[in-house]
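Here's the structure we're looking at; comments come further down.
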Amino acid sequence: MNRIVILVVSILMTRNAVSQTPTFNGEVIDDNISIGYGLAAGDVDGDGKKDILLADKKEIVWYKNPGGKSGKWVRYVIAKDLTEQDNVCIAARDIDGDGKVEVAVGAQWNPSETKNNKLSGAVFYMNAPDDRTQLWEPVRLHHEVTIHRMQWVKKADDGFQLAVLPLHGEGNAGGVGAGVKLIIFDVPENRKGLWSYQLLETNMHMTHNLQPMEVPGRLLGLSVAGKEGVQVFLSGADGWAPSGNWMVADQGVGEIRTGSLGKNQLFTATIEPMHGTSLVVYSKDNRTVLTDKIKEGHALACGDFFGQGRDQVVMGWRNPNVIGETGVRIFVGSDTEGKKWQEYTLDEKIKIACEDLIASDLDGDGDLDVIASGRATHNVVVYWNQRKK
């Protein structure tokens, strides 16, 4: 009898977990973007609501949050035509505690040019005007060739640095040659002045993305994904340095995010290889392929969409797979080892060739929503989390 009771309870718990799977209502807030290279979210104008920021082909823009699931998202231009080539990435975070995000962007996207830094790569800090709906002033910072990704990184003293990652090393051809140099900027008191920086030799080739590994109150490190895998870098008294630890080795990785299985158990989610076909989760000694049916996977986020005390994985890809699909999917785990996952579609009615995505609580209800940008579909979509509490 006890075994039967235990079995029934187990089944009910499983059904309850599935019933809590969030449903999403998709809303297209812009159907006329060019590419949608990079997304960020944060309060731009200090009204207490998280806005959406986008690095598009020739413009950096932000969409003002109307304050819920109804209302029009108003689009404002931060900058246009920063360089001859495309914009490629954006980072937004409140680094000084004034309730408004600071913004940095990467531009002059020219990945085939690895020798001439006048023709490839650019980094700007965007100095905000008093009226943030007007154009912002670009402050040009040091750059390497093929700038590709960036993140604001929290320091131990509660300050911030800006980490900027190129795709290639200088003179690199086809992933062969010089290693990529990671740029770590210190934020000066006068942000329109000179920004000091550290060039960190990664000894990696064709690095694609990076992820600050943060827990409340401190930074654990910075993970960098690329051709050789995922390497961890640490910040110490003498600056940043390789830790010698590889989260993933001898396997090309394009996207990298970290998440929690609960009870202090962490996992790493990756898309493999670069612009790859597989979504993979690493937990303890396990490597679990969640799907291998995507083409050019290019977007990844981890977060607790359920309020369950453990994270789920959201992934997007931009090229049609073998059955002609592009889109965004969420994967829900059901075990403490990170080996069992169920796949769900966020919104079947909206077509999106996903270039980038992020998770953020846009309506202030305590649940994470998903924001995605579509390359071939030219759209920005908010997937509103409909979890019932």
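The values are calculated or read from the model by the stated rules, or taken from the named source; none is laboratory data. Keep in mind that this is a model prediction, so the values were computed, not measured. Backbone-built Cβ (ideal geometry, glycine too); neighbour counts: all protein chains shown. We work out accessible area using only protein heavy atoms, side chains counted, and drop any ligands, DNA or RNA first. Shrake-Rupley method; radii C 1.70, N 1.55, O 1.52, S 1.80 Å.
Being touching a residue at least 60 places away in the same chain (Cβ under 8 Å) and surrounded by fewer than 23 Cβ atoms within 10 Å (Cβ to Cβ) is the requirement here; does ILE371 meet it? It would help to see each step written out before you state the result.
Details: touching a residue at least 60 places away in the same chain (Cβ under 8 Å): yes; surrounded by fewer than 23 Cβ atoms within 10 Å (Cβ to Cβ): no.
Criteria not met by ILE371.
Taking residues in the range 104-124 that are in contact (Cβ under 8 Å) with a residue 12 or more places away in the chain and farther than 26 Å from LYS192 by Cβ, and partners anywhere that are of a type in the set (S, T, N, Q) and surrounded by fewer than 20 Cβ atoms within 10 Å (Cβ to Cβ), the pairs with Cβ atoms closer than 8 Å and at least 6 places apart or on different chains are ASN110/GLN85.
What are the residues in the range 35-60 that are under 19 Å from the mean Cα position of the chain (by Cα) and exposed (fewer than 15 other Cβ atoms within 10 Å of the Cβ), if any? LYS57, the sole residue that qualifies.
With the requirement that a residue be open to solvent by 20 Å² or more (accessible area, probe 1.4 Å) and touching a residue at least 60 places away in the same chain (Cβ under 8 Å), what does the range 320-338 give you? Answer for the range 320-338, where residues must be open to solvent by 20 Å² or more (accessible area, probe 1.4 Å) and touching a residue at least 60 places away in the same chain (Cβ under 8 Å): SER334, THR336, GLU337.
Just to be sure, is ALA92 closer than 18 Å to LEU210 by Cβ, touching a residue at least 24 places away in the same chain (Cβ under 8 Å) and among the small types (Gly, Ala, Ser)? First the steps, then the outcome.
Details: closer than 18 Å to LEU210 by Cβ: yes; touching a residue at least 24 places away in the same chain (Cβ under 8 Å): yes; among the small types (Gly, Ala, Ser): yes.
Yes: the conditions hold for ALA92.
Screening the candidates TRP341, TRP317 for the property of being in contact with a His (Cβ under 8 Å, 6 or more places away or on another chain) and either farther than 29 Å from LYS64 by Cα or open to solvent by less than 50 Å² (accessible area, probe 1.4 Å) (or both) yields one hit, TRP317. Within the range 203-260, restricting attention to residues that are of a type in the set (Lys, Arg) and over 15 Å from the mean Cα position of the chain (by Cα), the residue that is farthest from GLY303 (Cα to Cα) is LYS227. Candidates are the residues of the range 280-317 that are in a loop (DSSP other than H, G, I, E, B) and free of Cβ contacts under 8 Å to residues at least 24 places away in the same chain; the one that is farthest from ILE358 (Cα to Cα) is ASP285.
Do any strands (runs of 3 or more DSSP E) lying entirely in the range 161-255 carry at least 1 residues that are among the small types (Gly, Ala, Ser) and open to solvent by 20 Å² or more (accessible area, probe 1.4 Å), and which ones are they? Please lay out each step first, then the result.
Working: elements: 181-186, 197-201, 207-215, 218-226, 229-236, 239-249.
Per the criteria, 229-236, 239-249.
Of the strands (runs of 3 or more DSSP E) lying entirely inside the range 61-138, those carrying at least 1 residues that are open to solvent by less than 40 Å² (accessible area, probe 1.4 Å), of a type in the set (A, V, I, L, M, F, W, C) and within 25 Å of GLY179 (Cβ to Cβ) are 89-93, 102-107, 122-127. For the range 256-270, a residue qualifies if it is over 14 Å from SER223 (Cα atoms) and either surrounded by 22 or more Cβ atoms within 10 Å (Cβ to Cβ) or touching a residue at least 40 places away in the same chain (Cβ under 8 Å) (or both), and the qualifying residues are SER260, LEU261, GLY262, LYS263, GLN265.
All conditions but one from (1) under 21 Å from THR377 (Cα atoms); (2) out of contact with any Gly (no Cβ under 7 Å at 6 or more places or on another chain); (3) touching a residue at least 12 places away in the same chain (Cβ under 8 Å) apply to ASN127; the one that does not is (1).
Could you count how many residues in the range 212-254 are without any contact (Cβ under 8 Å) to a residue 60 or more places away in the chain and either closer than 22 Å to THR277 by Cα or touching a strand residue (DSSP E or B) at 6+ places or on another chain (Cβ under 7 Å) (or both)? Spell out the reasoning first.
Of all residues in the range 212-254, those without any contact (Cβ under 8 Å) to a residue 60 or more places away in the chain come to 213, 215-217, 220-221, 223-234, 236-254.
Next cut, either closer than 22 Å to THR277 by Cα or touching a strand residue (DSSP E or B) at 6+ places or on another chain (Cβ under 7 Å) (or both) only: 213, 220-221, 223-234, 239-243, 245-254.
Of the residues in the range 212-254, 30 are without any contact (Cβ under 8 Å) to a residue 60 or more places away in the chain and either closer than 22 Å to THR277 by Cα or touching a strand residue (DSSP E or B) at 6+ places or on another chain (Cβ under 7 Å) (or both).
Determine if the range 344-364 includes at least one residue that is open to solvent by less than 10 Å² (accessible area, probe 1.4 Å), under 18 Å from SER260 (Cβ atoms) and of a type outside the set (Ser, Thr, Tyr). Within the range 344-364, not a single residue is open to solvent by less than 10 Å² (accessible area, probe 1.4 Å), under 18 Å from SER260 (Cβ atoms) and of a type outside the set (Ser, Thr, Tyr).
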